[in-house]
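Participant: Structure incoming, see below.
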Amino acid sequence: MFEEFTEDRGLKPIGPENAEIYILGSFPSERELLMNRCFGGQSGEILKTILEHSDMNPDKIRFNYAVNYKVVNESPSDLQINECRKAVFNDIKKAKPKVIIAMGNSALKSLFNRAEPGIYGWRGWQIPLQELNCWSVPVYSMSKILKDGVFDDNKIQWTKGTNHTDTLRVLREDLSIVKDLIDIPIPKPKPYIIKKLLKFEEVLEFFNKANKMPFFVFDYETLGLKPYFEKSCILTSSFTFDGETVYSFPVSYHEHISKKKYWNSAQEQRILGELKQLLTNPRSIKVMHNEVFEMEWSKAILGIDIVNGEDSMLQKYILDCRNGTNSLDFLAFVNFGVTWKTYPDSIMEDLTQLTIEELLEYNGKDSIWEYRLYKLQEKQLNKNKVLLNCYKEQLETAETIAQIQYDGACTNEQSRDNLLKDYKKERERIEQELLNLDSVKEFRTKYGKVPALKSNSKDIPAILFKIENLDPFKKTDKGNYSVDKEVLMKYSSTSEFCELLLKFREYSGIEGKILKSYTECVFPDGKYHTNFYPIETGRLGSSHINLQNLDKRKHPEIRQIIVAPHGYVLIIFDFAQLEFRVLAALSNCKRAIEAIKTGYDIHMDKTIEIWGEDKIKKATPKEVKAIRYKAKNEFVFPSFYGARPKSVAKWLDISEQH
């Protein structure tokens, strides 16, 4: 338990009580605690040097921490942050700063009561905090800067150079905007009106008006996230033409307990029919946030393809592709300083738990901020023709993705069951072999129990380091000896226990995937309707289930769960060195282009370079294929995307000097 918090405990903020700039760090270092001074250590010296170099007056800056006392672990717990939040906010309100610099995830949690998607996603934004009437500028923490490499007493590096991950340069860039923000008042959101259409005649009147409009933003609230269950339906919908007035109305809403529908059957069918007509009207542009979602639901529930769709989420991805930063909730907050998504997950899973008035209010706010976000990002895209063309191309891709998700992938229940039985049988065999090892028998004699084999078991370190006398070389965040995959891999050639435990974990994991993911993700129509989404590298990610990463190397039999629909066959193909070809084309590298024309295989070339021609000549065709695959995915592609030598060496299990 923590001591009862008082404002007198820990380090006190330093700087003027009325400050232009308020810097909120994470927690004090041991040196700063000994000095009894906020930002009194090396990190404070570096930061203050950067601030002075950026012409910020140190006499108008106040310094504080999200947690102002000693923290044992690498970062404060949520409990510690919450314990100190009231004191932090009281101090900020007294200081009345124009700008708050939030340094790292702990400062974000203190200031915003949230940290996702992490400082990498937050940095670079200038957020208007409506409650505190000031700007917030999230930046990397000084502990991150120091960890990534900063030379002692080298002020030239601090103010003009960088470190090995470039975070020092990024910090200076993020701080460079602060001085200008001091003189810029935060924008206040324009008021808006949510018109809740609760009478049938009002809804019909709305459709009559909407069909004449050339542009609108709309949003669905649905029962569930996928439209393939018997209870799946569009509960409500909301539309805005100008971002100031929004029209929200029930579609197939029903009460949570009684299941009583808001409209009678004839009224509901009429509204669904009007919705179909409006969304297929070729004369109007329809804006959504996550077009794929609305298009998939429209295909499944309305039986239509939305015409002339636009997507504010896709706009954001083209402008800034950082993972985890595309949600409407996040974007409304960082751009406008507003938030309204306050319902817990248990409510979001079934929105009929809200009254119709509450749901229409919630739905209406979505459309208002989708409109304003779309218009803001539209201006940014129109300034860059290259990005604008990318956005238009991706709109076509979004239509294809929606169709793929709707069509789904057929699966075979018998194949899944057979695989599950085989994996379970193999796991049990490996487990029995493990329990028969001499070191495990010695453990049972010494401790009087069968060792637990789960990953967080305290029995495994006892076997490895006390009975087999292996040298521990890695610790967990809590200071215990680690027995993760890296440790087991290192000793697998000398310890049969490590070798078998790796296999046991492998088959336990696969069994869990088959049993949970691959079975639970099958929809009532017998298909997988996976989710595809763009990620930072420009590729698509996939979830529920990840159809893009079904194992084809160690366990290709897993792919048997995907089958062709009746009367069709599956065709499998791949593009030859596609990413190398794209890289050659974009860089206009003559040598790379010529190499491709002459049949050069970069993956095989690097395979020979890393492991040697003799080893490749002696290997079987199957082994060569596996080694080439390793070179491709653990050296060539990582090199394309900027992986550091240390990471590549670790993946390939070679030295950095290799």
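The values are calculated or read from the model by the stated rules, or taken from the named source; none is laboratory data. For clarity, every value in this text was computed on a predicted model and none was experimentally measured. Glycine gets a Cβ as well: all are built from the backbone with ideal geometry, and neighbour counts include every protein chain shown. What goes into the accessible areas is simple: the full protein's heavy atoms, side chains included, and nothing from ligands, DNA or RNA. Shrake-Rupley method; radii C 1.70, N 1.55, O 1.52, S 1.80 Å.
Participant: Can you tell which of Asp471, Asp438, Asp477 is exposed (fewer than 12 other Cβ atoms within 10 Å of the Cβ), touching a residue at least 24 places away in the same chain (Cβ under 8 Å) and on the phi < 0 side of the Ramachandran plot?
Facilitator: Numbers: Asp471 fails: touching a residue at least 24 places away in the same chain (Cβ under 8 Å); Asp438 fails: touching a residue at least 24 places away in the same chain (Cβ under 8 Å).
None of the others qualify; the one that does is Asp477.
Let's see how each residue does on (1) in a loop (DSSP other than H, G, I, E, B); (2) buried (at least 18 other Cβ atoms within 10 Å of the Cβ):
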site: Glu173; (1), (2): no, no
site: Ile184; (1), (2): yes, no
site: Ile194; (1), (2): no, yes
site: Glu201; (1), (2): no, no
site: Met213; (1), (2): yes, no
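Participant: Got a number for residues in the range 586-598 being closer than 28 Å to Ala649 by Cα and part of a loop (DSSP other than H, G, I, E, B)?
Facilitator: Residues flagged as closer than 28 Å to Ala649 by Cα and part of a loop (DSSP other than H, G, I, E, B) within the range 586-598 amount to 1.
Participant: While we're here: Regarding Gly10, is this residue in contact with an Asp or Glu (Cβ under 9 Å, 6 or more places away or on another chain) and surrounded by fewer than 20 Cβ atoms within 10 Å (Cβ to Cβ)?
Facilitator: Working: in contact with an Asp or Glu (Cβ under 9 Å, 6 or more places away or on another chain): no; surrounded by fewer than 20 Cβ atoms within 10 Å (Cβ to Cβ): yes.
No.
Participant: With the requirement that a residue be surrounded by 18 or more Cβ atoms within 10 Å (Cβ to Cβ), assigned to a helix (DSSP H, G or I) and in contact (Cβ under 8 Å) with a residue 40 or more places away in the chain, what does the range 303-327 give you?
Facilitator: Pass one, the range 303-327, residues surrounded by 18 or more Cβ atoms within 10 Å (Cβ to Cβ): 306, 309-318, 325-326.
Adding the requirement that they be assigned to a helix (DSSP H, G or I) leaves 312-318.
The answer is Ser312, Leu314, Gln315, Lys316, Tyr317, Ile318.
Participant: Taking the residues in the range 328-347 that are surrounded by fewer than 19 Cβ atoms within 10 Å (Cβ to Cβ) and in contact with a helix residue (DSSP H, G or I) (Cβ under 6 Å, 6 or more places away or on another chain) as candidates, determine which candidate is modelled with the lowest pLDDT.
Facilitator: Among them, the one singled out is Lys341.
Okay, residues lined up against (1) at pLDDT 95 or above; (2) among the hydroxyl-bearing types (Ser, Thr, Tyr); (3) out of contact with any helix residue (DSSP H, G or I) (no Cβ under 6 Å at 6 or more places or on another chain):
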residue	(1), (2), (3)
Gly121	yes, no, yes
Ser143	no, yes, yes
Lys147	no, no, yes
Val170	no, no, yes
Ile184	yes, no, yes
Lys195	yes, no, yes
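Participant: When Ala584 is evaluated against the numbered criteria (1) open to solvent by 100 Å² or more (accessible area, probe 1.4 Å); (2) among the hydrophobic types (A, V, I, L, M, F, W, C); (3) within 30 Å of Asp166 (Cβ to Cβ), which criterion, by number, is the only one it fails?
Facilitator: (1)
Participant: In addition: Find the residue count for the range 56-80, including only residues that are farther than 24 Å from Gly479 by Cβ, part of a loop (DSSP other than H, G, I, E, B) and either of a type in the set (Lys, Arg) or at pLDDT below 90 (or both).
Facilitator: 1
Participant: Would you check which residues across the range 53-70 are open to solvent by less than 30 Å² (accessible area, probe 1.4 Å) and more than 15 Å from Val99 (Cβ to Cβ) and list them? Give the derivation first.
Facilitator: Keep residues of the range 53-70 that are open to solvent by less than 30 Å² (accessible area, probe 1.4 Å), which gives 56, 61-69.
Hits for the range 53-70 are Tyr65, Ala66, Val67, Asn68, Tyr69.
Participant: I would also like to ask the following. Quick one: Ser248 ticks every box in (1) in contact (Cβ under 8 Å) with a residue 40 or more places away in the chain; (2) surrounded by fewer than 16 Cβ atoms within 10 Å (Cβ to Cβ); (3) within 14 Å of Leu198 (Cβ to Cβ) bar one, so which box is it?
Facilitator: (2)
Participant: Let me ask something else about it. Looking for whichever is in a loop (DSSP other than H, G, I, E, B), open to solvent by 60 Å² or more (accessible area, probe 1.4 Å) and either over 25 Å from Glu74 (Cβ atoms) or free of Cβ contacts under 8 Å to residues at least 12 places away in the same chain (or both) here; the options are Lys466, Lys449. Which one fits? Lay out the reasoning, then the answer.
Facilitator: Numbers: Lys466 fails: in a loop (DSSP other than H, G, I, E, B).
Only one candidate qualifies: Lys449.
Participant: Take the range 530-585 and flag every residue that is of a type in the set (Asp, Glu), closer than 30 Å to Thr598 by Cα and in a loop (DSSP other than H, G, I, E, B).
Facilitator: We begin by selecting, within the range 530-585, every residue of a type in the set (Asp, Glu); these are 536, 551, 557, 574, 579.
The next check asks that each one be closer than 30 Å to Thr598 by Cα; those that pass are 574, 579.
Matches in the range 530-585: Asp574 only.
Participant: Okay, moving on. Where in the range 97-148 are the strands (runs of 3 or more DSSP E), entirely inside, with at least 1 residues that are within 16 Å of Phe63 (Cβ to Cβ) and in contact with a strand residue (DSSP E or B) (Cβ under 8 Å, 6 or more places away or on another chain)? Before the answer, list the steps.
Facilitator: Working: elements: 99-103, 127-129, 134-139.
So the answer is 99-103, 134-139.
Participant: Considering only residues that are within 14 Å of Gln42 (Cβ to Cβ) and free of Cβ contacts under 8 Å to residues at least 24 places away in the same chain, look in the range 149-171 and name the one that is surrounded by the most Cβ atoms within 10 Å (Cβ to Cβ). Break it down into steps so the answer makes sense when it comes.
Facilitator: Start the filter on the range 149-171 by keeping residues that are within 14 Å of Gln42 (Cβ to Cβ), which leaves 149-155, 157-158, 163, 168.
Remaining after also requiring free of Cβ contacts under 8 Å to residues at least 24 places away in the same chain: 149, 151, 153-154, 157, 163, 168.
Details: Gly149: 13, Phe151: 11, Asp153: 8, Asn154: 11, Gln157: 16, Asn163: 20, Leu168: 25.
Out of the qualifying residues, it is Leu168.
Participant: Looking at the range 52-70 only, could you name the residues that are touching a helix residue (DSSP H, G or I) at 6+ places or on another chain (Cβ under 9 Å) and under 20 Å from Val88 (Cβ atoms)?
Facilitator: Ile61, Arg62, Phe63, Asn64, Tyr65, Ala66, Val67, Asn68, Tyr69, Lys70
Participant: Let me ask another. So Glu413 passes all but one of these: (1) of a type in the set (Asp, Glu); (2) more than 19 Å from Ile234 (Cβ to Cβ); (3) modelled with pLDDT of 95 or more. Which condition number does it fail?
Facilitator: Here Glu413 meets the rest and fails (3).
Participant: Mind counting the residues in the range 397-418 that are farther than 29 Å from Asp311 by Cβ and either hydrophobic (A, V, I, L, M, F, W, C) or part of a helix (DSSP H, G or I) (or both)? Spell out the reasoning first.
Facilitator: Pass one, the range 397-418, residues farther than 29 Å from Asp311 by Cβ: 411-418.
In the following step, the residues that additionally are either hydrophobic (A, V, I, L, M, F, W, C) or part of a helix (DSSP H, G or I) (or both) were identified as 413-418.
The number of residues fulfilling the criteria is 6.
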